[in-house]
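Everything below concerns the one structure shown next.
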Amino acid sequence: MVGSIIEYYHPELTHIKTDLHAEILMKAQQSLCPVCHGGHKQPSTTTFTVELGFGIVVVRDVPAQVCDLCGTDWLEDSVAEKLELIIEQARRNQPVVEVAVWQQEIQAGSINRERWASFVSPSC
């Protein structure tokens, strides 16, 4: 029979099937978007923007999990920690607008210190 599924029963192996089913179900639930309940979280990138009162900082191409339906995004803890370092540098320099590209910031270490040091903030 072409296309048929044959399943063999063995009492000692039923727990493997049950464990595999539970693992598949858990992974599907983890990737399900908790916001729209219709999309799934997929590895992607996002743009992170923060208003600091004195100016705005934008970091482009930040690695994230993004819902393929509604676009909601989630950041890993390690990514958030690196963003905090970038934002802290901006607080010290107080630019009106600062746009950073994630990959350039990370390639230079945790923060592109030369670019931040050379940035001249306007005097108020």
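One table, with the values for the structure above:
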{"read-out": "Looking only at the stretch 97-116, and only at residues there that are loosely packed, with under 11 Cβ neighbours inside 10 Å and over 16 Å from residue 53 (Cα atoms), the one that is modelled with the highest pLDDT", "value": "107"}
{"read-out": "Positions within the stretch 39-94 being farther than 17 Å from residue 105 by Cβ and among the aromatic types (Phe, Trp, Tyr), in sequence order", "value": "54, 74"}
{"read-out": "Count - residues of the stretch 50-96 that are surrounded by 13 or more Cβ atoms within 10 Å (Cβ to Cβ), in a loop (DSSP other than H, G, I, E, B) and acidic (Asp, Glu)", "value": "1"}
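The values are calculated or read from the model by the stated rules, or taken from the named source; none is laboratory data. As the structure is a computational prediction, the values presented were derived from the model and not from experiment. When we count neighbours, we look across all protein chains shown, and the Cβ atoms used for this are built from the backbone with ideal geometry, even at glycine.
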